[in-house]
Structure formats: C-alpha cells, structure tokens
Amino acid sequence: MLTPKYPPQDTAPPAMNTAPAPASNVVVASSPAPAAVAPVSNRPTVQLTPGSALALAAGGGAVVLVVGAVLVSLLLAVAITGMSVAVVAVVLRSMLKDFNNQR
C-alpha cells in the first residue's frame, strides 16, 4: 500500500548509429548534414500586438496603483489607531492621577 509505484520502463529500441565505414583510397563527396529540426510544440504561442502590449502595460499600472492605495490606506489606519490609543492612554493616566490625588 505504501510502496512507490514506478512508471513502466520505456520499451523503445535504442537508437543505432549506422555510420558507413569509409573505404580506403576512395574520395567520397559528402553532402552537408541536414539541419536539426526543432520539435513542434503543442502549446499555443502568444503574440503581442502593439495594442495588446499597451493594454497589458495599462493593466499592470492599474494593479500597481490599486495595491499602492490599499497599502497606504492600511498604513494610515495603523497610524490613526496608534495615535488614538496614545491619546486614550494619556487621558486614562490623567484620570487615574486625579482619582488617586483626591483620596
């Protein structure tokens, strides 16, 4: 149950290198080797036109602006909360000092 399951081994025969043996004292005109052909990919290629590149840049700029606005608003909320807690602490300290002095 917990043993690993390996895929089956490749059953394709190994590639044979069948280069002809050169004959002695015979000049053979060899043709140039064919260029290697790149394998064809099944994935679709993405081609950017100038309009789509502009739209992509505008969308990226909008995302940066929105994320920046959210981060600035969060920082402002933390700053306001910190200031209000500081004011409440000063007021409570003053009230407790007055309460202790009246006794």
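Once the piece of chain linking Leu74 and Val87 is laid out straight, how much longer is it, given 0.36 nm per residue of separation minus the C-alpha distance between them? Please report the intermediate quantities before stating the final value.
Working: separation 13, 0.36 × 13 = 4.68 nm, distance 2.01 nm.
Residue separation times 0.36 nm, minus the Cα-Cα distance, leaves 2.7 nm.
With a Förster radius of 41 Å, plug the Cβ-Cβ distance of Val64 and Asn42 into 1/(1 + (r/R0)^6) and report the FRET value to the nearest 0.05. Working shown, then result.
On the way: r = 34 Å, r/R0 = 0.84.
The pair Val64/Asn42 has a calculated efficiency of 0.75.
Bear in mind that the values in this text are calculations on the coordinates, not laboratory data. These figures come from a predicted structure and were not determined experimentally. When we count neighbours, we look across all protein chains shown, and the Cβ atoms used for this are built from the backbone with ideal geometry, even at glycine.
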